[in-house]
Structures are given as C-alpha cells and as structure tokens.
Amino acid sequence: MKKHVLAAALASAFAAPVVAQNVTMSGTLDVNPYSQTKTFIGGTTPETRKSTTTSNGSGWSTSVINFTATEDLGGGLKATAFVNQVVNATDGLLTARDRWINISGGMGSVQFGRFSPAMESGYTAFAVAGTTNTAGTSDSSGYDLVVGSMGYDNALSRSLTTTTVSAYSTGLDRDWNITAVDAGRQSGIVQFTSPTVNGFKATAEYIGNDIDRDASARTGTNSSKQQALRVDYSAGPLTVGVSMGKRTAKREASAVSSLYAGNAANAGQDGAVVANGTGFYVSGTPALQERKIDSDIKWLGVSYDAGVATVLYAYGSRKDELSVAGAASTDLSNVKLHNFGVRVPVGAVAFSASYYKGDDKRTSSATDDIDHDGYQLGARYALSKRTSIYLVNGENKATLSTGSSVAAGNSKVKATNLGMVHTF
C-alpha cells in the first residue's frame, strides 16, 4: 500500500524533475516464525516427510519493497512508474520483481513492462479466500493453474507449489516444458484497459519474447507469444470476471556440441546432463529437439459481498499440447478446476476458508488421469491498520484416478503457518 511521501532528504537526492513528481515508498514484511509441512508420498513403501522451521517468511503475503512515482502529464493524462523488490525470507537480500510504466486517461490506460498479466491477477482475485502464499494454495490461489504447475508430470509435483516443484525437475526437456507453460508474471507485457462503462471493463494484453543464442548455447532459440482478453463486471455487491488466453512457446533444434560427452547409451541426448556415472557433461551442450507447446487457458469468477460474508467461486480450465520435432501433438495437461471460498469478518478477526476440486484428464486412457483437491483455513487478527497476526492451515492432494490410496503416483501435502504481517 502507498503510505507517505519520501522524506526531504531522500527527495533531495534526485534531480529537480523527479522532485516535482509524487514519489512514494511502501512495502510489506511477512515473517512466520512457525512453519510445518508434511508430505505423504504413495508407493509400495509409503513415505511421509516432515519439515519444521522457525525462520521463514512470506507465509501470508510476499515481503516486498515498492517504489511508485506519479506525474500529471496534462490534458487529463497521468503517468505512473512502479518498481519493487522481493525481500528474501532467510537472508534479507532483494530480488527484482515488477517494473512497469502506465499511462492513463479518459480513454483507459496502457501499461508496459514486467508484472502479473490480467489473466493471472483476475483469476487469483476470485480463486482465493485468504492467503495466496502458503498452505492449500494449489489451486486455491488460482496462481498454480495459470503458471502451469497443476499440469506437472507427476502427482507429487502437482500437489506442491510451483516454486517447490523446481527442485524435482531433471532433464533439459522437462526443465524447458515447465518454463514454457508459465503464463504468469513475465516481461514484455503490453496491456490496454478500457474505462469502466455501465459496470463493464475490458483488458487486452499481448506478450512476445524471443531469445536467440548461438549454437553452443543450451537452449538455442526460444520464443514465446501470449495474448489474452479479460472482461470484468461490477454492480454493488456483485463482481464477475471472465478471461480467455493463449500461449505458444517454441524451442529450435540444436546439434550436439563437439565437447559434449556421455556413455554409449545416451551420449548427446536430451536430458543426459547427469553426473552419476550413467552419463556426464564435460563441456558444450547435448542435442536439443525442436519442441512447441500450445496452451489454452480460460476462467470464470464470481464474487458476492453479502455484508456478513463474501462468497467466491471460480472455474478454470487449461490444456497444454506438446509437439516434438513436428510430430503429432500430445497432451501435457488437460486440467479443469472448481474453487469455492468464503471470507467472514468478525470484529478484528478475518476468517477465510476455501476448497478446490478438479481433474487432469490428458488422454483417452485413464491410467495417467489425476484428481485434484485441497482446502485452506485461515484467520487473520488485526493488531492495527498495518500489523496483523495470521494462522493458516491447508492441504493439497493429487491422486491417480484409477489408483489405490497408496499408489506410487499419489501424494498429499499438508502445511501450517503462524506469522505476522506489517505494511508500511
């Protein structure tokens, strides 16, 4: 939240044109001194993992520092520039996050830069009942469907958050597939938002990014295109949103580098960069096949504020099709999800609950179908307008549709977080 104009000492460090602007600094600090996660992994010998930490952060909100500058351009136009940094939970280091410029006026607004596209931010507004950063957020936050983690290729990773899943990624192809389907926060966004007319507002966006590297680079040439249209309607206590988006990511073929080495079974093949004796990487890169992923994402959200409570519903669907070396496409995912949520304010405490259920049916065979479900319960107590304490508990499950409760493809993750949030 924006709070105050920077002190005169800070403003004096800028040139005169900057001083003439309205420059503000704001931020959020989230620390959760208690965080516990239990992970159940099915199989012939079921396994339960447990981790507890007393030094963690961003359990309810992302810890960030924001800088915002606004300027009156005249003629009814206003310019807004924004940049923020994520505050790392363990070491306090800053990591770049959003950076954008927005020009707004009577005909709407245009925004350029790196930020969460409207397709993501709109869905998360309806699919979440409480926190977006901790237990039970796959897919109670809506975020996981848009970034593609609901469609990862095993049940364990599908039940984890997208940031955790990267630790389970091996092989160049799988790494690329995970990156290619991420339709969330990214650079290169051009977004137009119309003015609100009779309660209706439309947002259209286009994203295009290309990386062209020489033949010795691991990824060769990558390109991604994404476009979406979102329409919102608001009238009194009722808010409705709908969005349709498409994303295409391509990777060119690349020959094996002359310095790449591996054993006879896998030398020069995708994903052979391992150091366990079955293959090894001296220098250069392995061969890469041409790959293309087409993603189709849709969602509908409804929110109604009844005074004593706000009720939310969201439906999301996503299909990702993979084509390798020009061959016929196959489904990487075919996910459909229903999200239900409620927020109930009681004095200084805000209670929240959410539940999601859906499935991922990729082929005519049911052997790889996954059932998704999870919940989140949260309570946030306001000590003041800027400081609050929270407690949140949630569970994510991914279960093979045809499997038993201990099938190797099944997983369950349960987490509890207790922490504090301060905004400034």
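The values are calculated or read from the model by the stated rules, or taken from the named source; none is laboratory data. If you're wondering where the values come from, they're calculated on a predicted model, not measured in any experiment. When we count neighbours, we look across all protein chains shown, and the Cβ atoms used for this are built from the backbone with ideal geometry, even at glycine.
Across the range 42-74, which residue is farthest from the chain's Cα centre (by Cα) among those that are assigned to a loop (DSSP other than H, G, I, E, B) and surrounded by 14 or more Cβ atoms within 10 Å (Cβ to Cβ)?
Out of the qualifying residues, it is Gly42.
Could you go through the range 134-146 and let me know if any residue there is more than 26 Å from Gly419 (Cα to Cα) and not basic (Lys, Arg).
Yes, the range 134-146 contains a residue that is more than 26 Å from Gly419 (Cα to Cα) and not basic (Lys, Arg).
Determine which member of the set Gly74, Gly59 is farther than 23 Å from Lys201 by Cβ and at pLDDT below 90. Even if it seems obvious, please write down each step before you answer.
Values: Gly74 fails: at pLDDT below 90.
Just a single option satisfies the conditions, and that option is Gly59.
Of all residues being assigned to a loop (DSSP other than H, G, I, E, B) and aliphatic (A, V, I, L, M) in the range 306-346, which is surrounded by the most Cβ atoms within 10 Å (Cβ to Cβ)? Just the residue, please. Spell out the reasoning first.
The first filter runs over the range 306-346 and keeps only residues assigned to a loop (DSSP other than H, G, I, E, B), leaving 306-309, 325-329.
Next, from what is left, pick out any that are aliphatic (A, V, I, L, M): 306, 308-309, 325, 327-328.
Details: Ala306: 10, Val308: 8, Ala309: 14, Ala325: 9, Ala327: 10, Ala328: 7.
My answer is Ala309.
Right, Leu288: at pLDDT below 95, among the hydrophobic types (A, V, I, L, M, F, W, C) and surrounded by 21 or more Cβ atoms within 10 Å (Cβ to Cβ) or not?
Numbers: at pLDDT below 95: yes; among the hydrophobic types (A, V, I, L, M, F, W, C): yes; surrounded by 21 or more Cβ atoms within 10 Å (Cβ to Cβ): yes.
Considered against the rule, which asks whether it is at pLDDT below 95, among the hydrophobic types (A, V, I, L, M, F, W, C) and surrounded by 21 or more Cβ atoms within 10 Å (Cβ to Cβ), Leu288 comes out as yes.
Does the range 154-162 include one or more residues that are crowded, with 16+ Cβ neighbours inside 10 Å and either at pLDDT 95 or above or under 23 Å from Asp98 (Cα atoms) (or both)?
Yes; the residues of the range 154-162 include at least one that is crowded, with 16+ Cβ neighbours inside 10 Å and either at pLDDT 95 or above or under 23 Å from Asp98 (Cα atoms) (or both).
Considering every residue within the range 347-363, establish whether at least one is touching a residue at least 60 places away in the same chain (Cβ under 8 Å), farther than 19 Å from Phe126 by Cα and either in contact with a Lys or Arg (Cβ under 7 Å, 6 or more places away or on another chain) or outside any strand (DSSP E or B) (or both).
No, there is no match, as no residue in the range 347-363 is touching a residue at least 60 places away in the same chain (Cβ under 8 Å), farther than 19 Å from Phe126 by Cα and either in contact with a Lys or Arg (Cβ under 7 Å, 6 or more places away or on another chain) or outside any strand (DSSP E or B) (or both).
Being among the aromatic types (Phe, Trp, Tyr), over 28 Å from Ala379 (Cβ atoms) and crowded, with 17+ Cβ neighbours inside 10 Å is the requirement here; does Phe82 meet it?
Judged against the criteria, Phe82 is a match.
Just to be sure before I move on: is Gly241 assigned by TED's automatic domain parsing to the domain that holds Val324 and modelled with pLDDT of 95 or more in the structure I sent?
Yes.
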